[in-house]
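Notes for the one structure printed next.
The values are calculated or read from the model by the stated rules, or taken from the named source; none is laboratory data. These numbers come from a predicted model, not from an experiment. Cβ placement follows ideal geometry from the backbone for every residue including glycine, while neighbour counts extend to all protein chains displayed. Calculation scope for accessible area: heavy atoms of the full protein, side chains included, ligands and nucleic acids excluded. Shrake-Rupley method; radii C 1.70, N 1.55, O 1.52, S 1.80 Å.
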Amino acid sequence: MDVVYASDRATFHTPFVALGQCPECCSTYTFPRIMGPGKAAEMILFGKKVKTEAYFVKFSNNLFLR
């Protein structure tokens with residue numbers, strides 16, 4: 001179990017698209033369960049960065065405002 005803290009300027013993304021690799025099992029299995037299939041697909045297949053909204057999709061435990 002991990003605890004994730006983020007600032008209001010934090011971004012989360014996966015490197016697979018930029019590296020030309022296929023996603024590994026952990027992100028394809030856990031991301032849809034954490035943030036829903038739509039957001040997970042954008043993040044995994046298109047390399048979209050998830051910004052501070054990650055706090056609202058239960059990706060981080062707490063948000064620190066600057």
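So if I check each of THR11, THR52, which one is open to solvent by less than 70 Å² (accessible area, probe 1.4 Å) and in contact with a Lys or Arg (Cβ under 6 Å, 6 or more places away or on another chain)?
On the way: THR52 fails: in contact with a Lys or Arg (Cβ under 6 Å, 6 or more places away or on another chain).
After ruling out the rest, the residue left standing is THR11.
Which of (1) touching a Lys or Arg at 6+ places or on another chain (Cβ under 7 Å); (2) modelled with pLDDT of 85 or more does CYS25 not meet, given it meets every other one?
So the condition that CYS25 fails would be (1).
Going by what's in this entry, would VAL3 be described as open to solvent by 40 Å² or more (accessible area, probe 1.4 Å) and hydrophobic (A, V, I, L, M, F, W, C)? Working first, answer last.
Working: open to solvent by 40 Å² or more (accessible area, probe 1.4 Å): yes; hydrophobic (A, V, I, L, M, F, W, C): yes.
Answer is yes for this residue.
Exposed (fewer than 14 other Cβ atoms within 10 Å of the Cβ), over 9 Å from the mean Cα position of the chain (by Cα) and part of a loop (DSSP other than H, G, I, E, B) - does that describe any residue in the stretch 33-48?
Yes, that holds for at least one residue.
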